[in-house]
Amino acid sequence: MTKISGILNDAGAALMVLASLGGLIVSIFNYFNPDSGIAGEPGTLLVIASTILLALFGMALAKLNSGFLRSFFIVSSLLNIAGTSFAGYLLHSQTLVILMLVSLLGWILHVFRRRRAFA
Amino acid sequence: MWTKYLLSALSVVALTATCGELRAQSAEWSTYNGDLAAQKFSPLKQITPQNVGNLAVAWRTHTGDVSSGGPPSAGMHNRPPATDPQADLPPTVWSATPLFVNDTVYLGTPFYRIFALEPDTGKVKWSYDTNAVLEALTQPDLKNRGVAYWQADAPDAAQACQKRIYIGTMDAKLHSIDADTGKPCADFGKGGVVDIDQWNVENAKWPLSILQPPTVYKDFLFVGWAGKDWADAVDPPGTVFALDARTGALRWTFHALNPADAAKSGTANVWASMAVDRDRNLLFLPVSSPSPNFFGGNRLDAISLGTSVTALDVDTGKVVWSRQLVHHDIWDLDTNSAPTLIDIQKDGATIPALVQTSKQGFLYVLNRETGEPVYPIEERPFPASTVPGEKASPTQPYVPLPKAVVGDKWPGVFGLADIVSFGYCSRTAATLRDEGRFTPPSLEGSLVYPGTIGGIEWGGGAVDPSTGTFVVNYSSAVQIYKLIPRADYDKAATAGGLETGGFFPMTGAPYGVQLTTFLNPLGMPCWKPPYGSIAAYDLKTGKQLWDVPFGQVQQYGFYMPESWGSITLGGPVITASGLIFIGASMDSMVRALDLATGKVLWKSLVSAPAVALPAVYEYKGKQYVVFAAGGNSILTPKVSDEIIAFALPD
């Protein structure tokens, strides 16, 4: 409950989590849909894993206020978003790319809202 | 409906009146190549460059005949082998061009079944099972390139088998089936089956696999076969059989090798489709290389019909002319597609010509009456072999015009592939023999470009007979040919070290061979892209009109940049409206291109690479484009049993 309320209090992190979960659903659908062109492909598995990871990062960021771990997750999230977006582009999964852009928006909101909060 | 057909045919005649008698005038797709001239041209115009973007799936059907290889528990095959339900099935390769004739779509499958489908819905009218042995007897995969159709001059509806479908099997059986009912034609061979292997009487090490459907003309079936010319030095010698279409009786046999050569070599067979010039009563054969593929020390005397295009008299099988395309072939550069017949307007004259595409990337434009070049072919010197016992031909035929689809030198090391492999590509290239086109196989390993999978494969090219525009897709692939002394090869084989990696024994020759595509350890090509392209030529001048990368490489699901193109298998067809339809790429897309520019106007994902020619037909006033999406392990492991038709929405 604390975790959920933490996320809800942080619109940026919430957006990251939601977008990454959306990306996860899309990628799972692509993995099992024979008409997706990327069904059963290792690249699709990779983005399934990366979107799960991104969702976890988003949840962690909502909980962490400062410190090394927070910095680590901020950088890792950004790298994850960039990598997943690129993978989505190469997989021709436009929906995943759009969701990663939404996730990036969440990341920006989270980072700058926090900065203002700590200023 | 008939009025529409007639008007369509008449309009094509009017537009192309200067181009002779070869043009397709039919709304049907009655042979593997659309017509006997192998033009792969449809006169239909309903689908145009302007509306092709609206193309949608009209119907799709799955035959169930597909295997990704391995045991039944591995999934992806729906029918166990007849002999042992638990046995492994080889993977399937499905390169079948669907036929549309007799108001029905017919296709053969890699399990050697025939399906007759309704042309507007894809519903199965009937299917026929040859109950063929589903074993990789001569090929690594279960493979089929479709079926053939014959009908009597004046079909009598009261009699059976006035219209027939033929399918061959890997175990050399040719089946004749009533096209209306799907029942075997009892008057053909024994109970509707002719065993082609009854004529496999010399060096019969494996069955004469009938993977390519027969070529049908008049009341003849012209039957070539496939084998495995990499396995042994001495193999069944190449033959083409002419059978009676009704009874299966043998009318004549063409022998590619003389008896002396047949005793020490083999193959030079015809495994691809053939073309027929109806007016000149000529049958054109694409003849493959003699065995073994990569060493010719056992066959140093010239085998003049090996790796050639050869014209036979239809009625007698006698050679009218033959032109060898590669002398003393030690690269496996089989002539691999039917030549395209086209009358060319050149210098104010009409030349009855043919265009023979090739793995070596040359387009041989020949006078089909005489075999003489329409554009000059030069004998140029090429490197000698350094392998003991081998003697490469000092010269080879070289075609300056039309410009070859691939260059004389390989494209060079691809920087990205080299960097990510820490210099593997450049280090390896430095150890290989590389003297450009026709560098002979060697003991240290030779860079061969184009190699056996490259240049132009069995799809060949297509032509618009009204303009003389010839279109062909091709691959730019670099391979490494390394001969291994027999003792070393056998020792490694005994130790179990040759199970992977492209090893071919050539038993009976002093060398085995390792043939690999030049990839880095990550699987990236070591040579610069593009890896596949499509090009157009004006046959009136021999000039290239355009040349653009085609398709996309897909690795681990990731699509590589369009500018890299894709290795392609399969070929194009052209419609009179100015469109090219083609599958062929490893990204499992089928595409429509603008004939004028090569620009992709439409594409759609199918379930596996469509490595066959599509068929274009009209039924009840609607134009359809049909692809068999079957896959080929040379491109990607992805296989399917899907046949899919596209049409404009109502």
Bins of 5 Å from zero: percent of alpha-carbon pairs in region B:496-578: 3, 10, 14, 16, 14, 12, 12, 9, 7, 2, 1, 0
query: Whole-Å semi-axes of the protein assembly as shown's equivalent ellipsoid, largest first, each the root of 5 times a Cα gyration tensor eigenvalue?
result: 46, 32, 26
- request: Can you sort B:H175, B:H255, B:H327 by 1.4 Å-probe accessible area, starting with the largest?
  value: B:H255, B:H327, B:H175
statement: Here, trypsin sites (Lys or Arg not before Pro) of region B:468-546 satisfying both criteria (DSSP loop; at most 16 other Cβ within 10 Å) are B:K540
- request: Determine one quarter of the surface area of the Cα convex hull of chain B, which equals its mean projected area, and express it in nm² to one decimal.
  value: 26.6
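Let's see if you can work this out: charge +1 on each Lys and Arg Cβ, -1 on each Asp and Glu Cβ, no other charges. What is the dipole magnitude of chain B about its Cα centre, in debye to the nearest 20?
On the way: 49 positive and 61 negative charges, 164 e Å.
Dipole about the Cα centre, nearest 20: 780 debye.
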- request: Measure off 7 Å from each Cα along the Cα-to-Cβ vector at B:A487 and B:D538, then give the distance between these two points in nanometres to one decimal.
  value: 6.2
task: Please turn the phi angles of region B:433-439 into ³J(HN,Hα) values with the Karplus equation 6.51 cos²θ - 1.76 cosθ + 1.60 (θ = phi - 60°), one per residue in order, whole Hz, x for glycine and proline.
output: 6, 9, 10, x, 3, 6, 5
statement: Computed ³J(HN,Hα) along region B:554-567: with the Karplus parameters 6.51/-1.76/1.60, θ = phi - 60°, integer Hz and x for glycine or proline, the list is 10, 10, 6, x, 7, 8, 7, x, 4, 5, 7, x, 9, 3
query: Taking +1 at the Cβ of each Lys and Arg and -1 at the Cβ of each Asp and Glu, which of B:A160, B:T597, B:F470 sits farthest along the dipole of chain B towards its positive end, judged by Cα position relative to the Cα centre?
result: B:T597
- prompt: Carbon and sulfur atoms: what percent of the 1.4 Å accessible area of the protein assembly as shown do they account for?
  reply: 60
- prompt: Which trypsin sites (Lys or Arg not before Pro) in region B:386-480 pass both tests, a DSSP loop state and at most 13 other beta-carbon atoms within 10 Å?
  reply: B:K409
- request: Check the straight Cα-Cα distances from B:K173 and name the lysines below 23 Å, setting aside those fewer than 8 residues away within the same chain.
  value: B:K143, B:K163, B:K183, B:K190, B:K205, B:K218, B:K228
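Based on the Cβ-Cβ distance of A:F68 and B:E562, what FRET efficiency does E = 1/(1 + (r/R0)^6) give at R0 = 41 Å, to the nearest 0.05?
Numbers: r = 43 Å, r/R0 = 1.05.
For R0 = 41 Å, the calculated efficiency reads 0.45.
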- prompt: Each label point is 7 Å from the Cα along the Cα-to-Cβ direction; what then is the distance between the points at B:D156 and B:T386, in nm?
  reply: 7.1
statement: A correct Karplus calculation of ³J(HN,Hα) over region B:260-267, with 6.51 cos²θ - 1.76 cosθ + 1.60, θ = phi - 60°, whole Hz and x for Gly and Pro, returns 5, 5, 4, 6, 10, 9, x, 6
Segment B:A56-B:V133, length gained on full extension (0.36 nm per residue, minus Cα span): 24.0 nm
message: Starting from the 7 Å offset along Cα-to-Cβ, what nm value, one decimal, do you get for the label separation of B:D120 and B:S466?
response: 2.6
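When Lys and Arg each count +1 and Asp and Glu each count -1, what net charge do the other residues less than 15 Å away from B:A429, Cβ to Cβ, add up to? Write out the running numbers ahead of the final one.
Details: positive: B:K409, B:R427, B:R433, B:K482, B:K528; negative: B:D418, B:D434, B:E435, B:E444.
Residues near B:A429 contribute +1 overall.
Within chain B, which whole H helices from DSSP have a Cα span along their axis of at least 15 Å and a mean Kyte-Doolittle hydropathy of 0.5 or more, if any? Each step should come with its number before you reach the end.
Numbers: long enough: B:2-15 (20 Å, 1.34).
The answer, listed by residue number, is B:2-15.
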query: Helix A:11-32 sits at what angle to the longest principal axis of chain A, using alpha carbons and giving 0 to 90 degrees rounded to 10?
result: 10
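For n ≥ 4 DSSP H runs only, could you compute -39500 (n - 2.57) per run for the protein assembly as shown, divide by its residues and tell me the 222 nm figure to the nearest 500?
Roughly -6000 deg cm²/dmol at 222 nm, from the helical runs in the protein assembly as shown.
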statement: Along the dipole axis of chain A (charges at Cβ: +1 for Lys and Arg, -1 for Asp and Glu; origin at the Cα centre), the most positive-end residue among A:L90, A:L46, A:L78 is A:L78
query: If you take the charge dipole of the protein assembly as shown about its Cα centre, with +1 on Lys and Arg Cβ and -1 on Asp and Glu Cβ, which of B:W458, B:W331, B:I574 is farthest toward its positive end?
result: B:I574
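If you rank B:M506, B:M560, B:M589 by how much accessible surface each has, with a 1.4 Å probe, what is the order from largest down? The partial results should precede the final answer.
Values: B:M506 0, B:M560 40, B:M589 20 Å².
The ranking, largest first, comes out as B:M560, B:M589, B:M506.
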field: Accessible area in the full protein assembly, largest first, 1.4 Å probe, for B:E618, B:E118
entry: B:E118, B:E618
query: What's the Kirkwood radius of region B:199-250 in Å, using all Cα pairs?
result: 12.0
- prompt: What lysines could a cross-link reach from B:K491, if we take a straight Cα to Cα line under 17 Å and drop same-chain neighbours fewer than 8 places away?
  reply: B:K482
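The values are calculated or read from the model by the stated rules, or taken from the named source; none is laboratory data. Since this is a predicted model, take the numbers as computed values, not measurements. For neighbour counting, all protein chains shown are included, and Cβ atoms are generated from backbone atoms with ideal geometry for every residue, glycine included. Side chains are part of the model used for accessible areas, which takes the heavy atoms of the whole protein and leaves out ligands, DNA and RNA. Shrake-Rupley method; radii C 1.70, N 1.55, O 1.52, S 1.80 Å.
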